[in-house]
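Single-structure report; data block below.
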Amino acid sequence: MKRLLVVDDSKLMRDMVAACLRPLGAVTFEFAGSGLEAIERLALAGFDLVVLDLNMPDVGGVEVIEFVRSQDRLRALPILIVTTRGDDESRARVLQAGASGFLAKPFAPAQILDEVRRLLPSSVT
Amino acid sequence: MTERVDLQEFIGGFVVEAAELVTAANAALLEIEAGHAEGTSRPKAVRDVFRALHTIKGLAGMVGVEAIVDIAHGLETLIRTADRAGGQLSRAAVEVALQGVRAIGERVRAVSEQRTPAAAPPRLLEAIASTDATGDAPAVAPQVSAELDARLSPSERAQLANAVAAGAPAWMLSFAPSESNAARGVTIGSVRSRLATLGEIVKVAPRTVTGPSGAQLGIAFDILVVSSAPRETLADAIAASLESVAPVLAPPPPPVAQAPLPAGPGAEPSTRELAERDDATADVVPIGRAVIRVELSRLDELQEQLSLLTVSRFRLEREIAAMADAGHDVRRLRQVADLQGRQLRDLRRAILRARMVRVAEVLEPLSLLVRSLARSSERAVRLELDARDTELDKAVADRLLPAMVHLVRNAVDHAIEPAAERRARGKPEAGTIRVACTEIAGNQLELVVSDDGRGIDRAAIARRSERTIDHDADLLDVLCGPGFSTRDVATRTSGRGLGMDIVRRIAVSDLGGELRLATTPGAGTSFTMRIPLTISIVEVFAFACGRQAFVVPVSAIEEIFEIADAGITPPSAPGGRSQVSLLERRGRAIPMFSLGRELAIDDGAAARKAMVIRRGGEAVAFSVDRMLGRQEVVVRAIDDPLVQAPGIAGATDLGDGRPTLVLDLGELGLAARERQLP
């Protein structure tokens with residue numbers, strides 16, 4: 001059973017991401033409503049992949065990526081960025097910070113499913 | 001495997017969340033407008049508007065409402081400019097933003113009424129695009145050290161400056177998340193929302209905690225907050241000690257009402273001015289401070305030291321009284337002693353406060369519990385938690401939670417009817433479980449767990465238990481019998497009985513409180529628990545003496561040994577009530593008293609064990625019949641003056657439901673020595 005952490009300050013967005021990824025089957029979803037909560041959860045528990053929004057209160061997605069990558073045990077954690085800012089500059093900045101994948105909102109369910117399948121280590125299904 | 005996911009099924013959720021965000025954006029814009037009227041900027045409100053619009057745009061995109069995406073995008077761009085420039089949003093920009101948000105709101109309503117929302121009006125989009133977002137914002141001078149300032153965005157810097165100018169001090173808090181904190185509901189999320197009620201959060205940043213060798217030990221959050229709350233309250237909010245709350249800078253001195261005295265040319269700055277200057281620079285604390293968390297046992301230790309201090313203060317009182325009796329003038333001595341007494345009381349209060357946790361946070365895990373129980377039992381259940389601002393001792397909280405879990409679980413599993421049954425009874429489909437907590441007189445908390453379920457069937461319980469049940473009190477008695485179960489309704493979560501025996505043990509035996517029950521068939525049940533706000537937990541030795549059990553704090557005992565192994569010189573003057581033997585121990589002679597005789601409960605049985613205590617450097621031993629074990633107990637003070645006696649420190653329950661006295665052997669030893677030894 002893979003553990004996914006979905007981070008977004010919008011509950012609806014978190015629910016939509018989880019709905020899009022439901023075809024993965026053997027995964028459990030956990031949710032965080034802010035970058036801070038995400039950092040806390042990642043520090044306290046093991047996850048197989050993070051779906052991360054960029055614009056959140058206090059600590060934005062880029063800061064989360066940078067912090068996660070500074071942690072020895074989280075260097076290899078796949079991070080998929082999902083953001084409304086789909087421009088090339090944002091994409092470059094996010095990937096440089098250490099994101100594993102980048103998806104612009106709005107996206108179709110199949111798109112995020114493909115991305116997550118690509119990033120999940122020894123992918124399910 | 002392919003499963004088609006249709007995001008249109010989220011349109012209802014979109015309407016709800018978008019409407020909330022529209023409300024939030026409006027509120028923040030109005031706050032910015034109020035700031036204009038007062039001549040101050042509201043950088044945080046600007047950030048809030050930005051985020052609301054950004055989220056609306058993202059969600060609208062996902063569910064395909066392009067008109068909203070277009071308007072939100074325009075507004076987002078406008079406000080981002082203001083945010084980056086330090087959080088000043090011009091009057092014109094507020095005006096056009098309010099129009100834009102109204103246009104979004106209209107389109108959200110259209111979606112909710114299943115109408116096609118009108119496209120974004122081009123004139124509105126033009127107006128948004130051509131508005132100058134920022135006023136002529138003055139640059140804000142840094143408030144804090146360059147190192148800290150570098151971590152702040154222009155908007156955060158302005159927010160800090162505003163808040164500080166309003167007269168509140170700034171603090172750097174360090175919160176260390178941990179599994180144990182998370183288990184009791186203390187997370188960065190709960191800490192953040194709690195701090196938000198105490199002041200203004202300017203910045204939260206994660207930090208890696210490293211050991212001396214550079215190894216990564218964990219993480220902590222640095223929280224920059226401007227708050228007038230006392231330092232203790234802030235420490236409490238992050239479940240940490242005072243060391244985790246550091247002043248970053250003092251508030252500016254209040255404006256001087258009168259013209260200051262003219263200083264002569266070349267006058268030296270006063271020491272106070274110098275001190276203030278130092279405050280502003282030297283007190284700036286770097287963002288990467290060490291985190292200190294205090295284990296509860298250390299607070300216990302502190303409390304133990306305090307009780308020793310209290311005892312020595314009583315002795316001081318006695319000495320002063322003796323001097324006064326001997327005709328000495330003790331007025332000044334008494335003044336000092338009174339002052340010390342007040343300081344001791346304050347110290348006790350401060351220590352107790354350090355141990356208090358918020359009930360709301362203690363009970364937070366119940367929400368998740370109800371959610372998951374309701375799902376697995378396929379019932380709709382709503383939990384209402386109302387703990388207001390109540391607090392209680394951490395030690396009580398740790399013992400309380402399992403009892404609350406039992407009560408809430410029973411309510412979901414046994415009280416709330418399935419939806420169809422509730423409908424048939426004319427009740428709302430979703431059942432409600434309410435957990436309310438209020439502080440009542442006598443340093444007690446009252447916790448009520450009530451439900452609007454089926455109530456308890458007295459007749460059925462009476463049949464099963466073969467007892468007559470006339471009152472709710474009888475009913476509670478039966479339910480609290482060990483392992484009592486209503487079998488036919490047993491489920492996989494509470495199949496091993498209702499656990500009411502555990503609930504009562506916790507409430508009554510462990511915490512020294514009360515448990516009551518009230519139930520109305522068809523309408524619901526409520527359990528009321530009254531418990532003390534604080535308890536003291538002590539590790540004790542239990543022993544038997546003259547057919548009774550007693551306990552004594554482990555910390556009071558220096559040594560325990562078999563009397564048979566020690567050389568004993570019998571009492572030199574036989575016949576007295578309290579006879580002293582001399583015990584030879586490692587070349588020393590220790591006076592040994594028979595505890596049975598001291599307490600006048602001697603039954604003639606041969607004492608087999610000796611417990612050595614040390615009192616003011618002098619060792620004293622007591623002989624007792626036999627040891628019963630070592631355990632942690634809750635000690636309750638004996639309030640009844642008829643029962644208060646020297647040498648009795650309180651009462652406890654060893655789990656057999658009978659009160660057991662906690663002895664203060666030091667006090668008894670002192671009394672015995674004074675009587676026996678010249």
message = Would you calculate the convex hull of the Cα atoms in region B:146-257 and tell me its volume per residue in Å³?
response = 123
remark   = Along region A:107-118, Karplus-curve 3J(HN,Hα) (6.51, -1.76, 1.60; θ = phi - 60°) to the nearest Hz, with x for Gly and Pro, reads 10, 8, x, 5, 5, 5, 4, 4, 4, 5, 4, 5
ask   = Accessible area per residue, 1.4 Å probe, Å², for region B:146-257: what's the number?
value = 38
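Probe of 1.4 angstrom, ligands and nucleic acids ignored: what's the accessible area per residue over region B:8-130, in square angstrom? Numbers along the way, then the final one.
Values: 5370 Å² over 123 residues.
That works out to 44 Å² for each residue.
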note = XL table A:Lys11/A:Lys105; A:Lys11/B:Lys44; A:Lys2/A:Lys105; Cα-Cα > 19 Å flagged, in table order, is A:Lys11/B:Lys44; A:Lys2/A:Lys105
Pairwise FRET efficiency - A:Ala76 versus A:Arg118, Cβ, R0 = 22 Å, nearest 0.05 = 0.90
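What are the GluC sites (Glu not before Pro) within region B:344-399 that DSSP puts in a loop, where the Cβ has at most 16 other Cβ atoms within 10 Å?
Numbers: sites: B:Glu361, B:Glu378, B:Glu384, B:Glu391; in loops: B:Glu378.
Here the sparse-neighbourhood loop sites are B:Glu378.
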inquiry  = Per q in 0.17 Å⁻¹, report the Debye log10 I(q)/I(0) for region B:296-355, using one uniform scatterer on each alpha carbon and no solvent.
reply    = -0.62
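How big is the Cα convex hull of the protein assembly as shown in projection, averaged over all directions, in nm²? All intermediate terms of the calculation are to be shown ahead of the outcome.
Details: hull surface 201.4 nm².
One quarter of the hull surface, i.e. the mean projection, equals 50.3 nm².
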For region B:11-21, 3J(HN,Hα) per residue [Karplus equation, 6.51 cos²θ - 1.76 cosθ + 1.60, θ = phi - 60°, Hz, x = Gly/Pro] = 4, x, x, 4, 4, 4, 5, 5, 5, 4, 5
message = Please compute, for the alpha-carbon atoms of region B:1-67, the extent along each of the three principal axes and give them in descending order in Å.
response = 60, 19, 18
query = On average, how much accessible surface per residue is there in region A:2-43, in Å², for a 1.4 Å probe, leaving out ligands, DNA and RNA?
reply = 26
query = Measuring from label point to label point, each 7 Å out along Cα→Cβ, what is the B:Leu316 to B:Arg626 span in nm?
reply = 4.5
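Among the trypsin sites (Lys or Arg not before Pro) in region B:1-104, which ones are in a DSSP loop with at most 13 other Cβ atoms within 10 Å of the Cβ? Mind listing them? Could you put the intermediate results ahead of the total?
Numbers: sites: B:Arg4, B:Lys44, B:Arg47, B:Arg51, B:Lys57, B:Arg80, B:Arg84, B:Arg91, B:Arg102; in loops: B:Arg4.
Counting only loop positions with at most 13 other Cβ atoms within 10 Å, the trypsin sites (Lys or Arg not before Pro) in region B:1-104 are B:Arg4.
Run the numbers on chain A and let me know its relative contact order in percent, using alpha-carbon pairs under 8 Å that are six or more apart.
Working: 208 pairs, mean separation 31.8, N = 125.
After rounding, I find 25 percent.
What is the diffusion coefficient of region B:72-207 in µm²/s, taking the Kirkwood radius over Cα pairs and the Stokes-Einstein relation at 4 °C with a viscosity of 1.567 mPa s? Numbers along the way, then the final one.
Values: Rh = 18.2 Å.
Value of D from the Cα-based Kirkwood radius: 71 µm²/s.
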query = Residues of region B:6-51 with accessible area at least 30 Å² lower in the all-protein-chain context than alone (1.4 Å probe)?
reply = B:Leu7, B:Phe10, B:Glu17, B:Arg51
query = Points 7 angstrom from Cα along the Cβ direction at B:Glu421 and B:Glu232: gap in nanometres?
reply = 4.9
At least 50 Å² of accessible area lost relative to the chain alone, listed for region A:31-62 with a 1.4 Å probe = A:Leu36, A:Glu40, A:Leu44, A:Asn55, A:Asp58
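If you build the convex hull over the alpha carbons only and average its shadow over all orientations, what do you get for region A:1-88? Give it in nm² to one decimal. Let's see the in-between values first.
Numbers: hull surface 23.0 nm².
So the mean shadow area of the Cα hull is 5.7 nm².
Stokes-Einstein D for region B:358-532 at 37 °C, 0.692 mPa s, Kirkwood Rh over Cα pairs, in µm²/s? Write down the numbers at each step before the final one.
Details: Rh = 16.4 Å.
This corresponds to a translational diffusion coefficient of 201 µm²/s.
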message = Please compute the length gained on full extension between B:Glu514 and B:Arg332, using 0.36 nm multiplied by the number of residues separating them and subtracting their Cα-Cα distance.
response = 60.9 nm
request  = Evaluate the Debye formula for region B:8-130 with equal point scatterers sitting on the alpha carbons, no solvent, and hand back log10 of I(q)/I(0) at q = 0.11, 0.13, 0.14, 0.19 Å⁻¹, in q order, two decimals.
outcome  = -0.33, -0.46, -0.53, -0.93
query = Which of the GluC sites (Glu not before Pro) found in region B:7-113 are in a DSSP loop and have at most 16 neighbouring Cβ atoms, other than their own, within 10 Å?
reply = B:Glu113
task = Leaving ligands, DNA and RNA out of it, report the carbon-plus-sulfur percent of the accessible area of the protein assembly as shown at a 1.4 Å probe.
result = 52
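If you take the accessible area of B alone plus A alone and subtract the pair, what total do you get in square angstrom, rounded to 100, with a 1.4 Å probe? All intermediate terms of the calculation are to be shown ahead of the outcome.
On the way: alone 36260 and 6220 Å², together 39220 Å².
Summing both sides, the interface buries roughly 3300 Å².
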remark   = Once both label points are put 7 Å beyond Cα along the C-beta direction, the B:Ala92-B:Glu106 separation in nm becomes 2.3
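The values are calculated or read from the model by the stated rules, or taken from the named source; none is laboratory data. A quick note: this is a predicted structure, and the numbers were derived from the prediction, not measured. Cβ atoms come from the backbone with ideal geometry, glycine included; neighbour counts cover every protein chain shown. The accessibility values were calculated without ligands, DNA or RNA, using every heavy atom of the protein model including side chains. Shrake-Rupley method; radii C 1.70, N 1.55, O 1.52, S 1.80 Å.
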